[in-house]
Amino acid sequence: MRHGARVRRFAVLGVGALVGALGCEAGDDTAVIVPDAGEASDVPTDPGDDTVDVPLVPLDRPDVPAAIDVPELPDVPAAMDAVDALDVPPDAGPAACRAPADCAGDPRGGVCDVLTGRCVECVPTADTCPAARHCDPVSLACVDGCRSDEGCRTASDGGSVNLRCDTARHECVACVEDVDCAVGRVCTGGVCVSGCSASRACPGAETCCGGACVDLMASTVSCGTCDNRCGLPNAAAFCRAGSCAVSTCTGGFADCDTTAANGCEVNAQTDVAHCGACGTVCPMGPHVAARACVVGRCGITCDVGFADCDGDLANGCEADLVTSPTQCGTCGTVCPARPQAGPACVSRACALRCDAGFADCDGALANGCEVDVRVSASHCGACGRACAVPNASAACAASMCAITTCAAGFGNCNGRYDDGCEAPLDTPGNCGACGRTVAEVCDGADNDCDGLVDEGCPTGIDSLRDLFASLQFGGSGGGSFADVCPGGVAVGFVGRAASRIDQLGVRCMRLELVEDRGARPYRYTVRTTGGVSSPGARGGGGGSAFSADCEAGSFVSSIRGRSGSRVDQFAFGCGFWQVVGTPTTGWRLDHVATAARGTWGGGGGSVFAYECPDGPSGQHTAVTTLSGRSGSELDAIGVRCGLPDIVVR
C-alpha cells in the first residue's frame with residue numbers, strides 16, 4: 001500500500017471480526033483478515049480505486065459445523081468514507097495476532113484479542129489486570145475497579161479479605177451473597193442487613209418468618225408459629241414460651257384462672273369472689289347479713305344489734321351494740337371508766353365492772369375497784385383474806401398466799417402454805433435443805449448433819465498380815481531361812497554378786513498412814529517411814545558388794561532374776577499404796593508402781609519373776625519376808641507378801 005493512500009475498509013472491520021469469530025462455511029479453509037489502521041500492509045491497491053483488494057489469507061481454524069449460518073456482510077454506507085482521511089503508513093505495525101505469543105513485546109499490550117486480531121492490554125474473558133482493576137470490554141484496557149476479592153484487600157488488615165468484589169459493578173462491598181453475612185443477616189445491594197431466607201438460617205433459637213428472624217417463644221406476631229398473632233378477650237396479650245399469655249387486663253377485668261385462651265374472664269368490678277382483684281373475696285364475716293361488690297370495692301349489711309364500727313370488712317360486723325362498752329348502743333359511744341374498773345355495757349346502756357384482779361372491797365363506787373387482790377397481803381384473791389403463817393414471811397402473788405422466806409434454820413419441806421416453814425434443817429434427812437441427805441466426806445466438817453465430824457475416815461494402819469508366799473527360785477542345797485521385816489515391809493536389799501548372787505539380805509522399814517489435808521476431801525497414802533533395819537544377809541562372801549533401796553516412801557512389791565541350781569541373777573520392783581474410797585463405801589489400798597531396781601549377777605539359769613498378788617477386794621500386797629536356802633552360798637530365794645489393815649474413826 002502506498003503512503004498516503006486512503007483505505008476505505010473500516011466499515012467492514014466489525015463485520016470482518018464477526019466473520020473471523022464465526023468462521024467460514026463448512027469446508028472453507030480461508031478467512032478474511034482486515035488490518036487495523038496504522039498496521040503495515042503489502043496488499044497492492046488500484047491507484048484509481050479507493051478500495052483495497054484484500055486477498056484471502058488461509059487460517060488454521062477448525063471446521064465449523066454446517067449447521068452454523070454465516071450472515072451476509074452488510075453494505076458499507078457512504079458515510080464511512082469519512083475515515084478516508086486517515087493515512088495508513090506502509091509497514092505501520094505487525095501482522096494480525098492469533099495467540100498471546102504474537103503480542104509479546106507489543107507496546108499496545110501483551111494479550112491477543114483473537115476476535116479482532118489485535119494486541120491489547122486485556123480481554124474480559126481472561127482478565128489479567130491487577131486485582132484492584134478490571135478489563136474494560138470496550139477499550140480492552142485495565143481501568144479502576146476490582147475484578148476479584150483480592151482487589152479489595154488492604155494493607156492495614158494484614159492481607160485478610162475484609163470486603164468482597166462485586167464483579168458486576170467492579171466495586172468493593174461488604175457482601176455479594178448471603179453467606180458473606182453473619183447468621184440472621186442477608187446481603188442486599190452489597191450490604192448485610194437483618195433478615196433470613198430458606199437458605200439463610202436465623203441465629204440461635206430464632207425462626208425465619210416472612211424474611212425476618214423472630215423468636216417464636218416471645219414474638220406477639222409469630223407466637224409459637226409464624227404469623228400467629230396474640231389477641232385475647234379483655235386483655236393486652238404477649239407471647240411467653242411460645243404461647244399467647246395475658247400481659248395486662250382492660251376495662252376492669254382480671255385473669256383469675258390464668259388460662260390464656262379466655263383472656264381476662266372475670267369482671268372484678270362486680271364479682272364478690274374477685275372484687276377489685278383476683279382472689280379478693282368479699283368476706284362473709286361474723287354477724288354479716290349480706291355482702292356485695294360495687295365498682296371493685298366490697299360492702300356488707302349487718303345483723304340487727306351489730307355494726308361495722310371499725311370499717312374492717314374482714315371481721316364483719318364486729319361491734320355488739322348491746323354489750324360493747326366502746327360501742328354501747330351506737331358506734332362511738334364509749335362508757336366512762338372508773339379507777340380499776342372497766343366500763344361495761346348492759347342492754348345498750350353503760351355500767352361498772354371491776355378489772356380482772358381488782359375488787360371493790362370498801363363498797364364505794366366513786367373510787368371504783370380500789371384493791372388489787374392479786375398482790376394485796378390483806379385481801380389476797382378476795383376481800384378480807386390475809387397472808388400469815390409460822391416461821392415464815394408470806395406475800396400475795398397471783399391472788400394466792402405464798403411463803404417468801406423461811407426463818408433461819410427452818411424450811412417448808414412439805415410444800416404446804418398453811419403450816420409455814422415447819423421443818424428444822426439440821427437433821428440427816430433435811431441436812432441444810434429440805435430432803436437433802438449428804439454423805440460424810442473426810443474434810444473436817446459434819447457433812448451429814450449427824451453431829452459427828454469425819455466419822456469413817458482413815459486414822460492409821462494396823463499390823464501386817466502375810467497372805468501369799470512365792471516359790472523358791474534356785475537349788476536345794478544349804479539350809480532354809482525366812483527373814484521377816486518386824487512390823488514393816490521390805491524397802492531394799494544388800495548382798496554380794498559376781499557371776500552369781502553369793503549373798504543377799506533384806507532391808508526393812510515401818511509403814512505409816514499419811515493424810516494430805518491440802519486436798520478436799522483429804523487424800524491418804526500408806527508409805528514407809530523411820531529408819532532402815534535388816535535381819536542380816538544369807539550366803540557366802542564371794543563377788544562384790546551391792547545395796548539398793550526403793551525411792552523414799554516406796555516398798556518392794558516384786559522380785560525377778562535368773563536361777564538354776566543356784567541364784568544367778570536378782571532384781572526387784574517398788575511401789576506405794578494410795579488409799580481409795582469414802583466413809584460410806586469403805587477403803588482399799590491401790591498399788592502405785594515406782595522405779596524398779598537392779599540387776600545384779602550373771603546370765604546363767606532360767607528367768608523367774610514374782611509379783612506380789614492382789615489380796616482381798618483387789619488390794620495389791622507388799623514383800624514382808626525374804627526366804628530361801630543358803631550355806632556357803634545362796635542356793636535359793638523366795639518372798640512372802642502381806643497387807644496392812646486400815647483403821648478408821
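The values are calculated or read from the model by the stated rules, or taken from the named source; none is laboratory data. Remember, predicted model here, so these are calculated numbers, not experimental data. Cβ coordinates were reconstructed from backbone atoms using ideal geometry, including for glycine residues, and neighbour counts include every protein chain displayed. In case anyone asks, the SASA skips ligands and DNA or RNA and just uses the protein heavy atoms, side chains included. Shrake-Rupley method; radii C 1.70, N 1.55, O 1.52, S 1.80 Å.
To keep it simple, each residue is scored yes or no on (1) in contact with a Phe, Trp or Tyr (Cβ under 6 Å, 6 or more places away or on another chain); (2) crowded, with 21+ Cβ neighbours inside 10 Å; (3) closer than 21 Å to Leu589 by Cβ.
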site	(1), (2), (3)
Val484	no, no, yes
Gly488	no, yes, yes
Val491	yes, yes, yes
Glu512	no, no, yes
Glu515	yes, no, yes
Among the residues in region 424-444, are any over 60 Å from the mean Cα position of the chain (by Cα), under 30 Å from Arg527 (Cβ atoms) and open to solvent by less than 60 Å² (accessible area, probe 1.4 Å)?
yes
Kindly evaluate Ala261 against the criterion of being more than 30 Å from Thr326 (Cα to Cα), assigned to a helix (DSSP H, G or I) and among the hydrophobic types (A, V, I, L, M, F, W, C).
yes
Right, Glu206: acidic (Asp, Glu) and in contact with a Ser or Thr (Cβ under 8 Å, 6 or more places away or on another chain) or not?
no
Scan region 232-247 residue by residue and report those that are open to solvent by 60 Å² or more (accessible area, probe 1.4 Å) and more than 28 Å from Arg291 (Cα to Cα).
Pro233, Phe238, Arg240, Ala241, Ser243, Ser247
Could you check region 478-526 and list, in sequence order, the residues that are of a type in the set (Gly, Ala, Ser) and in a strand (DSSP E or B)?
Gly479, Ser480, Ala482, Gly488, Ala490, Gly492, Gly495, Ala497, Gly505
It is to be established whether one or more residues within region 313-327 are modelled with pLDDT under 90, closer than 30 Å to Ala254 by Cβ and out of contact with any helix residue (DSSP H, G or I) (no Cβ under 6 Å at 6 or more places or on another chain).
yes
Scan of region 314-333 for residues that are within 60 Å of the chain's Cα centre (by Cα), hydrophobic (A, V, I, L, M, F, W, C) and open to solvent by less than 40 Å² (accessible area, probe 1.4 Å), ordered by number:
Cys317, Ala319
Return the residues of region 286-317 that are in a loop (DSSP other than H, G, I, E, B) and touching a Cys at 6+ places or on another chain (Cβ under 7 Å); say none if nothing qualifies.
Pro286, His287, Gly296, Asp303, Asp308, Cys309, Cys317
Could you count how many residues in region 302-313 are touching a Leu at 6+ places or on another chain (Cβ under 9 Å) and either loosely packed, with under 15 Cβ neighbours inside 10 Å or among the aromatic types (Phe, Trp, Tyr) (or both)?
2
Within region 381-391, is even one residue assigned to a loop (DSSP other than H, G, I, E, B), over 30 Å from Cys449 (Cα atoms) and in contact with a Ser or Thr (Cβ under 7 Å, 6 or more places away or on another chain)?
yes
Top-ranked residue of region 397-423 - restricted to ones that are in a loop (DSSP other than H, G, I, E, B), of a type outside the set (Asp, Glu) and open to solvent by 50 Å² or more (accessible area, probe 1.4 Å), ranked as farthest from Val514 (Cα to Cα):
Ala398
Please go through region 335-365 and pick out each residue that is on the phi < 0 side of the Ramachandran plot, out of contact with any Pro (no Cβ under 9 Å at 6 or more places or on another chain), outside any strand (DSSP E or B) and open to solvent by 80 Å² or more (accessible area, probe 1.4 Å).
Ala356, Asp362, Leu365
Would region 542-555 turn up any residue that is touching an Asp or Glu at 6+ places or on another chain (Cβ under 8 Å) and either touching a residue at least 60 places away in the same chain (Cβ under 8 Å) or basic (Lys, Arg) (or both)?
yes
If we keep only residues of region 517-535 that are over 18 Å from Ala490 (Cβ atoms) and open to solvent by 50 Å² or more (accessible area, probe 1.4 Å), then the residue farthest from the chain's Cα centre (by Cα) is Arg517
Inspect all residues belonging to region 222-242 and state whether any of them is more than 14 Å from Ala260 (Cβ to Cβ) and not in a loop (DSSP other than H, G, I, E, B).
no
Give the residue, chosen from Ser480, Ser499, Ser463, that is under 26 Å from Asp645 (Cα atoms) and open to solvent by 40 Å² or more (accessible area, probe 1.4 Å).
Ser463
May I ask you to list pairs of residues, at least six apart or on different chains, whose Cβ atoms are under 9 Å apart, with the first in region 120-148 being on the phi > 0 side of the Ramachandran plot and the second being basic (Lys, Arg) and in a strand (DSSP E or B)?
Leu140/Arg118; Gly145/Arg133
When region 185-202 is examined, which residues are found to be open to solvent by less than 50 Å² (accessible area, probe 1.4 Å) and either over 25 Å from Cys135 (Cβ atoms) or not in a loop (DSSP other than H, G, I, E, B) (or both)?
Val186, Cys187, Cys192, Gly195, Cys196, Ser197, Arg200, Cys202
